[in-house]
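Pasting a structure below so you can have a look.
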Amino acid sequence: MLFALWFASGIVMMYWGFPEISPAERLSRAAPLAPAAIRVTPEAAWDRVRQFATPDTTRLTMLDSRPVYRFRTGRSEAIVYADTGEPLLTASRDMALRIAAAWMQRPAPEATFDGLLRDADQWTVSGEYRALRPLLKFSWSDGDQVYVSTLTGEVVQHTTRLSRRAAYFGAIPHWLYWTPLRKNGPAWNKVVVWSSGIGTVAGILGLTAGAWIYLPRRRIPYQGQKRWHMILGLAFGTLACTWAFSGLLSMEPFQWLLGDNQAAFDIQAALRGGPLDLKVFSAKPPRDALDQAGPNTKTLEFALFDGEPHYLADSRIIPVRGDPSVQFDPARILKLVAEASRPATITESRVLTEYDAYYLDRHRQHPLPALFVRLNDPQASTLYIDLKTAQIVEAYNNRSRWNRWLYHGLHSWNLPWLYRHRPAWDIMVMVFLAGGASLTVTAMIIGFQLLRRKLRFNRELTP
């Protein structure tokens, strides 16, 4: 029955996942920055909430029609208004209503307040929301629902009637994502791992039995549902096993398959070039940077590249000392990578304008162009670096490459030659999912028939 649920929900998940806000959607719904309202320097704003010497990241965005600095350190985020320097302690209900209405681009009076959520519900059950609660929930008559964090003032979840229905038939049963189970992370992890493992073993046993019966005479000695089950098992049984096994790998139970990514951490630190000291941005204040970023810029990130301060705007890079550009210099990135990876050397590098076998995203959210770098270190590391941010987007080593094919390759059929020829991917995956679902349905029918016969036999024996 669980296999049937996985196969059927897998068809839905080909086109609808679990509701979430993508970075592209968040940017598209954000309000443009108001340079004239920025009157507080980032250094002065950080002094109001300083907990450590420097923040990990700093962004300038709009919140409730006012510019704010967002300082992130670890998992915590502090928000300071860039017009007054006052910290945001908590988002009130009225403020959250205005934020939700602006996100939906609808009048605030049309929204219904659904309450303050201190605990998880079905759409905020994953661990990422733990640091954002309590949440204020608002809904509209057409089924849209918006969740606003009282701690950050951001919209953290948005669902529609369609996205919720699709999740009930897709992601929720496929991931065993029912709220009571998913809220208990360790228990949920064990259930998924054990059910996937048992499913894999059961599939292997079924294939072994089928081959043992079929191969000697190459005929099927059954009629009815048993015959259909054996035919479907011989045709789709291997795929059923690989899907169950690759689903098991999604929980990362074998840490050795992930390998050692220390090289990527060291190289990323070298690309950054030191801690984020906000004092160095005083040579070109955010208002001046926004003049160079162009109109309607929605976010400004404070970043370092090789120790030099830069602003990362929506579509361009504004160095504190220098002229704007659309990307960092690949040659300079390669120089930093080479220095950070010694004694290993770079054996191959190129700029990618299209996805390759390892840098691949069905939803096309991985940034392009990207710089590909291969090293001859003991881990055989390969890196994919976003030229617009100098951030490592993907990193592989001699072990994680196996995980790429065993998990993504087998489970999502994340195969470059197939992805590039859609709808071939859609047709093939749909056919095999339907075949796997049919296989499990015949198994369920046979099981029910056997159970009914046993119950009838027991009744006949009862005096």
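The values are calculated or read from the model by the stated rules, or taken from the named source; none is laboratory data. It should be emphasised that the depicted structure is a prediction, and the values quoted were computed from it without experimental measurement. Here the Cβ is made from the backbone with ideal geometry for all residues, glycine too, and neighbour counts use every protein chain on show.
Got a sec? Which strands (runs of 3 or more DSSP E) wholly within segment 278-357 have at least 3 residues that are within 22 Å of LEU33 (Cα to Cα)?
300-305, 308-312, 317-319
Hey, does segment 362-369 have a residue that's free of Cβ contacts under 8 Å to residues at least 60 places away in the same chain, of a type in the set (A, V, I, L, M) and either in a loop (DSSP other than H, G, I, E, B) or touching a strand residue (DSSP E or B) at 6+ places or on another chain (Cβ under 7 Å) (or both)?
For segment 362-369, residues free of Cβ contacts under 8 Å to residues at least 60 places away in the same chain, of a type in the set (A, V, I, L, M) and either in a loop (DSSP other than H, G, I, E, B) or touching a strand residue (DSSP E or B) at 6+ places or on another chain (Cβ under 7 Å) (or both): present.
Return the only residue of ALA120, ALA102 being more than 30 Å from PHE245 (Cα to Cα) and not charged (D, E, K, R).
That would be ALA102, the only listed residue that is more than 30 Å from PHE245 (Cα to Cα) and not charged (D, E, K, R).
Can we say THR299 is hydroxyl-bearing (Ser, Thr, Tyr), touching a residue at least 24 places away in the same chain (Cβ under 8 Å), surrounded by fewer than 16 Cβ atoms within 10 Å (Cβ to Cβ) and on the phi < 0 side of the Ramachandran plot?
no
Please give the helices (runs of 4 or more DSSP H) falling wholly within segment 1-63 in which 1 or more residues are basic (Lys, Arg), on the phi < 0 side of the Ramachandran plot and loosely packed, with under 15 Cβ neighbours inside 10 Å.
Filter on segment 1-63 gives an empty set.
Is there a residue in segment 226-244 that is in the same structural domain as MET444 (by TED's automatic domain parsing), surrounded by fewer than 13 Cβ atoms within 10 Å (Cβ to Cβ) and either of a type outside the set (Phe, Trp, Tyr) or out of contact with any strand residue (DSSP E or B) (no Cβ under 7 Å at 6 or more places or on another chain) (or both)?
No, segment 226-244 has no match at all.
Looking at this structure, is ALA244 farther than 27 Å from THR58 by Cβ and at pLDDT 90 or above?
So ALA244 fits the description; yes.
I'd like to check something: does segment 447-457 contain any residue that is of a type in the set (A, V, I, L, M) and either outside the structural domain of SER196 (by TED's automatic domain parsing) or surrounded by 11 or more Cβ atoms within 10 Å (Cβ to Cβ) (or both)?
No; the residues of segment 447-457 include none that is of a type in the set (A, V, I, L, M) and either outside the structural domain of SER196 (by TED's automatic domain parsing) or surrounded by 11 or more Cβ atoms within 10 Å (Cβ to Cβ) (or both).
For segment 68-97, enumerate the residues that are crowded, with 19+ Cβ neighbours inside 10 Å and not hydroxyl-bearing (Ser, Thr, Tyr).
Once the filter is applied, which keeps residues that are crowded, with 19+ Cβ neighbours inside 10 Å and not hydroxyl-bearing (Ser, Thr, Tyr), segment 68-97 yields VAL68, ARG70, PHE71, GLU77, ALA78, ILE79, VAL80, ALA82, LEU88, ALA91, ALA96, LEU97.
When only residues in segment 410-434 that are of a type outside the set (A, V, I, L, M), crowded, with 18+ Cβ neighbours inside 10 Å and part of a helix (DSSP H, G or I) count, which is nearest to the chain's Cα centre (by Cα)?
HIS411
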